Amino acid sequence: MRKTAAVPVLALLLLITGCTNAESEAVASPVPASPSASPSSATAVEATEEQTCSALLGNDGKGPLYQAISLVRIGDGTFGFAGSPDAVGPLDETLRGIAADAPSAMAPQLKELTQAMGGVIALAEKPSGAATFDPYAWTGTIGEILSVCARYEAGVAVPPADGISTAYPGYPLVVDAASVEYRVAAWFSSRLKDGRLVALAPGLYGAYDPDVPDLSGYYVSPAVAGDSAMKQTVFPGSGGTASWSGVRPGTQEP
């Protein structure tokens, strides 16, 4: 009598199903999900030009760019520090933060600004710091940024003071933009049709349009820029946008 060989039950099952233990594990084990990117590995998103300019300009002429401009007095061939030394460090950090998120198109100007702030810091710490401050680099950098950002800021619309168009003898008159203070010239640089401005009062201007020859029509507060004190005299309650301290009349004015 032939004896039948005993076949283990597990081996029999494997013969029937055709699966090995390794294959069973491969089928049963789910494929692990790929780990999601951590926040630190995500690519930083650049701010837009408008967002960067808004951060620089702030509201009502009180943003960090305005604050930086107010720290330096430039005029009559001289310059000096005109702010609080304690304010320079925090302001420098704020500007560097804005520069870090700025679009690549504005990166060169903001790099120059943060570098120029080093000279302002030296100027604030001691008079000998004047040796490290370059007024030409400062005015050039500020002018470039103002020319880019001016389009994103609008002033408050208020009527001019009564009789203001006749309050200053010789005004209003048409002048070359090249004859006025650098901050004003930069502010209007992208808006000029023929390179000229209307001087409405000493140190206060609007962009001249050859198609609008009536100069009395340029007393429109959101469209002017210049000296902050004069702007409040001509347009009481108009706020601090597009205005700076110490803007003197240009060389073609009375």
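The values are calculated or read from the model by the stated rules, or taken from the named source; none is laboratory data. Since the model is a prediction, treat every value here as computed from it, not as a measurement. No Cβ is skipped: glycine too gets one built from the backbone with ideal geometry, and neighbour counts run over all protein chains shown. These accessible areas exclude ligands, DNA and RNA; they are computed on the full protein's heavy atoms, side chains included. Shrake-Rupley method; radii C 1.70, N 1.55, O 1.52, S 1.80 Å.
For the reader, a short list of remarks on this structure follows.
- Ellipsoid equivalent to region 184-254 - semi-axes via the Cα gyration tensor, in Å: 18, 13, 12
- Going by accessible surface with a 1.4 Å probe and the largest first, SER245, SER147 read SER245, SER147.
- Under 15 Å from the Cα of LYS193 - aspartates and glutamates, other chains or at least 8 residues apart: ASP176, ASP209, ASP211
- FRET efficiency estimate (nearest 0.05) - Cβ-Cβ, GLU93 to GLU125, R0 22 angstrom: 0.85
- A full extension of the chain between ASP101 and LYS193 corresponds to an added length of 29.8 nm, given 0.36 nm per residue minus the alpha carbon distance.
- Whole-Å semi-axes of the ellipsoid equivalent to region 61-123 (Cα gyration tensor, √5λ, descending): 21, 13, 11
- Between THR132 and ASP76, the modelled label-to-label distance comes to 2.8 nm, taking each label 7 Å out from Cα in the direction of the beta carbon.
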